[in-house]
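K.L.:
Below is the structure I would like to discuss, written out as structure tokens.
The values are calculated or read from the model by the stated rules, or taken from the named source; none is laboratory data. Because the structure is a prediction, the values reported are computed rather than measured. These area figures cover heavy atoms from the full protein model, side chains too; ligands, DNA and RNA do not enter into them. Shrake-Rupley method; radii C 1.70, N 1.55, O 1.52, S 1.80 Å.
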Amino acid sequence: MSTNPFREQPYPMHREDRSECEHYSSYLGTLIVDFKKRCGYCNDIHSYKIRSFAIDHFVPRNPSDFTHPILPNFYKNLVYSCNYCNSAKSNKFPTKNHEIHNDGKIGFVMPTNNAYNDLFCRDNEGAIIAKNDSELAKYIIEELNLKNPIHSLMWRIERLYKLIEEVNEKIKETNNQELISLQNTLNAECAEITRSIFLTND
């Protein structure tokens, strides 16, 4: 089975020089920039907002069965997240240790860690799948519900929009009838995926 990259560069990265804010919500603008306007977990872009995006605490503020010293406003513990992933992750942190994010099979990986990118790839429909049959990737996919069809639909429509833009530019240059026919086909496919996105979101 052929696969596609999970996400493309530039990858999200917490900046080193961010001054401290009293409340974590004050970091929202910075997180949007540092996470490239995408959910850190599923890589959905917020330009086609279906549900709201929010700030997730990677190590939860109130995790199940343990406590930790990480303050709510610690910037490098914050992730820009879509509502789907934020709700699915909730207070989960199975290692019950803020210094140990995973044991190689269960747990999570901070999305700004390059190792996160190495866990996943996508099939030709955009579904997020485990790379190299990784047990940790399978765990994260299950716990964050990354198999939700909305994520593959969002991936597909983003690629489709880019292709439509490229075709439109070529049509302006050549007015080629084959390209115009392709444009109509792509627009129809785009409309169908858009309908699917809203049906999936109901």
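K.L.:
For the chain, what does the relative contact order come out to in percent, with C-alpha contacts under 8 Å and a separation of six or more?
P.N.:
Relative contact order comes out at 19 percent.
K.L.:
Turning to a different aspect of this structure: Equivalent-ellipsoid semi-axes (√(5λ), Cα gyration tensor) for the chain, whole Å, largest first?
P.N.:
Here the semi-axes work out to 35, 19, 15 Å.
K.L.:
Convert each backbone phi in region 26-36 into a coupling constant with the Karplus relation 6.51 cos²θ - 1.76 cosθ + 1.60 (shift: θ = phi - 60°), then list the ³J(HN,Hα) values in order as whole Hz, x for Gly and Pro.
P.N.:
3J(HN,Hα) across region 26-36, in whole Hz: 5, 8, 3, x, 5, 5, 4, 6, 5, 9, 6.
K.L.:
In the chain, carbon and sulfur make up what percent of the accessible area (probe 1.4 Å)?
P.N.:
Of all accessible area on the chain, carbon and sulfur atoms account for 48 percent.
K.L.:
Would you mind calculating the relative contact order of region 29-129 from Cα pairs under 8 angstrom and at least 6 residues apart, reporting the percent as a whole number?
P.N.:
Once divided by the residue count of region 29-129, the mean separation gives 25 percent.
K.L.:
Suppose a student asked you for the relative contact order of region 90-185, using Cα pairs under 8 Å spaced at least 6 residues apart; what percent would you report?
P.N.:
Over region 90-185, the number comes to 17 percent.
K.L.:
Given the convex hull of the Cα atoms of region 84-202, what is a quarter of its surface area in nm²?
P.N.:
In nm², the orientation-averaged hull projection of region 84-202 is 9.3.
K.L.:
Something else about it: Find how many whole Å separate the alpha carbon centroid of region 149-173 from the alpha carbon centroid of region 60-99.
P.N.:
Measuring centre to centre over Cα atoms gives 34 Å.
K.L.:
Follow-up question, since we're still on this one. Would you count, across region 71-202, every pair of lysines whose alpha carbons are under 19 angstrom apart, provided the pair is eight or more residues apart or spans two chains?
P.N.:
Final tally of qualifying lysine pairs is 17.
K.L.:
Oh, and also: Please give the per residue accessible area of region 57-165, computed with a probe of 1.4 Å over protein heavy atoms only, in Å².
P.N.:
47 Å²
K.L.:
While we're on this one: Please label the shape of region 43-130 as rounded, prolate or oblate, based on the square roots a ≥ b ≥ c of the eigenvalues of the alpha-carbon gyration tensor (a/c under 1.5 means rounded; beyond that, a/b larger than b/c means prolate, else oblate).
P.N.:
oblate
K.L.:
Now for a separate question. Under the classification rounded if a/c is under 1.5, otherwise prolate if a/b is larger than b/c and oblate if not, where does region 83-127 fall, given a ≥ b ≥ c as square roots of the Cα gyration tensor eigenvalues?
P.N.:
oblate
K.L.:
While we're looking at this one, here's another question. For the chain, what does -39500 (n - 2.57) per DSSP helix run (n ≥ 4), summed and divided by total residues, give at 222 nm, in deg cm²/dmol to the nearest 500?
P.N.:
Only helices count here, giving -12000 deg cm²/dmol.
K.L.:
While we're looking at this one, here's another question. Compute the Cα gyration tensor for region 2-52, then decide on rounded, prolate or oblate, letting a ≥ b ≥ c be the square roots of its eigenvalues: rounded whenever a/c is under 1.5, prolate when a/b is larger than b/c in the other cases, and oblate in all that remain.
P.N.:
Cα axes put region 2-52 in the oblate bin.
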